C-alpha cells in the first residue's frame, strides 16, 4: 500500500518532490544541478564533491554498481602503488638474489683456488664460472638498487591515479545520478534513496579490498593464507576418483547405446567415403566443379578448379576427400539435430532456457577437455572424431535457427493464421522460408567450425588432412604443415562458396 501511494505521488507530484524522494537527502543541491544539466544546451560544468571524497562508497550508496566496481579497482590500484612506494622493500628479492650469487661466487672461487693448487684440469673453468657468478651478482645488485629507487616514482604514479579517479568521479557523478533519476521516474520499483546498512557494508568492503591488497603487495613476507587459497590435495584426489568411477559406470552400463551410436556413425561415414574417396577422381572433380558452377556461378567454379588442382597435384586428393567425408558426416548430424532443436527452442521458452547453457558449455569448453569423455565412451577412431566435431560445430546452427525464427514478423504469421493456415503450413511455408537466410548462415558457420576441428580430431584417430598437420607439428616439418594447412583452407573455401550460393549474377 505504501509503495502504491509513493508511486502515485511520484507520478503526480512536482519534479522537486520527486528528486527529494529519489535522493533521500541534500535534495536542494540535486534539484539545482539536475536543472542545470537539463537546461544546458551543451556540456555543463558540475562537480559532486561528496562523490569525489567518498569514492566507490558514494556510488554504492546511489546503486550505480558498474561505476562502483570500476572506481573501486582504480582507487585500490592507486592505494597499492602509494603504499608500495612508502613502505615496501622494493629491492628485497634482487638484493637476496645478489647475496646468493655473491655467496656462490665466493664458494666457486675457493673451489677454483683449491683446483689450481692441486693441479686439476678444471681449475680454469671453475675460475671462469666464479667470474661469471660475480658479474651476475654485481648486475643483480645494480638492479636491486634501481628497484629500491623506484619508491618516489610509485608514489607519484599512485597519487596521480588517485587524483584522476577522484576528479572523474566528481565530474561524472551528477550526470550519472540524473540518468538514474530519469530511469527511476519511469520505473519507481527501482531502488532509490540511501540505505545506510548498505553504505556501511560497502565501506568495509572498500577498506578490506584496499587494505589487504596493499598489505599483500607491500610486505615481503606475506602470510601463506593471503598469497594462496588453502587447498587440500586429498579433496581433489577424492573428486578425481569419483569422476573416474562415474565414467567407468557409464561406460559399462550404456555400452550398448554407445556401440549403437558408433555403428550408426560408421554406416554414414562408410557411405560418404565410398562417394568421395571411392569415386574416380576425374568424375568427382567434374561433379564438384559443375556443382559450384550451378549453385555459386562461374567465378566460384574457376576457383574450385584451381583449388582441386592444387589438392591433386600435391598429393592431397585422397586425404582431402577423406576429410570432406568426415566433415560431411559431422555436418549431416549437426544439421539434422541442430535445426529441429533450434525450432523447438524458438517455440518453447523452457526448452531454450534449458538448452542454452549446454550450448554455451559446448562452445566455451576447450576441445581437448571434451575429448576425454568422447574417448572414454566411444574409444578412438573416426566415429569418436566425428562426435567431437559435432559437439564443437552444432551450437551455431541451433542459435541461428532460433534467431531466424524469432525474426519472423508476427503480423505475417497472424495473417496466415487468419486465412486458416495450420501449424504445419506455418512452419513449412511461412517460418522456414523467412528464417532461411539465418538458418543457412548457421549451416555455413557449422561447416567451417567442423572443418576447423580436423587437426584436433586427428589426435584421436580421425584420418585426413589433420593427420598431416599433426605430423608436421610433431616433427617440426614447416613445409608439410603449410601445404596441408593450405589444403584445409581450400576445402573450407570451396564448401563455403558452394553453401553461400550465388550472391550476385556472376555467371
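The values are calculated or read from the model by the stated rules, or taken from the named source; none is laboratory data. All values reported here derive from a predicted model rather than from experimental measurement. Positions of Cβ are backbone-derived with ideal geometry, glycine not excepted, and every protein chain shown enters the neighbour counts.
Would region 304-316 turn up any residue that is closer than 17 Å to residue 495 by Cα and out of contact with any helix residue (DSSP H, G or I) (no Cβ under 8 Å at 6 or more places or on another chain)?
yes
Hey, which of the helices (runs of 4 or more DSSP H) in region 401-494, taking only ones fully inside, have at least 3 residues that are in the same structural domain as residue 324 (by TED's automatic domain parsing) and in contact (Cβ under 8 Å) with a residue 24 or more places away in the chain?
Working: elements: 410-418, 432-451, 454-457, 465-475.
In region 401-494, 432-451, 454-457, 465-475 are the helices (runs of 4 or more DSSP H) which contain 3 or more residues that are in the same structural domain as residue 324 (by TED's automatic domain parsing) and in contact (Cβ under 8 Å) with a residue 24 or more places away in the chain.
Can you say whether residue 49 is buried (at least 19 other Cβ atoms within 10 Å of the Cβ), modelled with pLDDT of 85 or more and assigned by TED's automatic domain parsing to the domain that holds residue 173, as far as the supplied structure shows?
Here the answer is no, as residue 49 does not meet what is asked.
Tell me whether region 340-353 contains one or more residues that are surrounded by fewer than 18 Cβ atoms within 10 Å (Cβ to Cβ), under 25 Å from the mean Cα position of the chain (by Cα) and assigned to a helix (DSSP H, G or I). Walk me through it before giving the result.
First, pick out the residues of region 340-353 that are surrounded by fewer than 18 Cβ atoms within 10 Å (Cβ to Cβ): 340, 344, 347-351, 353.
Among the residues that remain, those that are also under 25 Å from the mean Cα position of the chain (by Cα) are: 351, 353.
With assigned to a helix (DSSP H, G or I) added as a condition, the list becomes 351, 353.
Yes: one or more hits.
At least 2 residues that are at pLDDT 85 or above and under 29 Å from residue 82 (Cβ atoms) in each: list the helices (runs of 4 or more DSSP H) lying fully within region 194-300 that qualify. Steps first, please.
On the way: elements: 196-218, 224-227, 233-253, 255-273, 281-296.
Qualifying helices (runs of 4 or more DSSP H): 196-218.
To keep it simple, each residue is scored yes or no on (1) part of a helix (DSSP H, G or I); (2) buried (at least 18 other Cβ atoms within 10 Å of the Cβ); (3) assigned by TED's automatic domain parsing to the domain that holds residue 208.
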position	(1), (2), (3)
34	yes, yes, yes
43	no, no, yes
67	yes, yes, yes
73	yes, no, yes
101	yes, yes, no
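Against the definition (out of contact with any strand residue (DSSP E or B) (no Cβ under 8 Å at 6 or more places or on another chain), farther than 22 Å from residue 426 by Cβ and at pLDDT 85 or above), how does residue 346 come out, yes or no?
Against the criterion (out of contact with any strand residue (DSSP E or B) (no Cβ under 8 Å at 6 or more places or on another chain), farther than 22 Å from residue 426 by Cβ and at pLDDT 85 or above), residue 346 does not qualify.
When you scan region 318-332, do you find a residue that is at pLDDT 85 or above, under 26 Å from the mean Cα position of the chain (by Cα) and closer than 26 Å to residue 423 by Cβ, even just one?
No, region 318-332 has no match at all.
Filter region 259-287 down to the residues that are surrounded by 18 or more Cβ atoms within 10 Å (Cβ to Cβ), more than 14 Å from residue 333 (Cβ to Cβ) and touching a helix residue (DSSP H, G or I) at 6+ places or on another chain (Cβ under 6 Å) and list them by number.
Result: 273, 276, 285.
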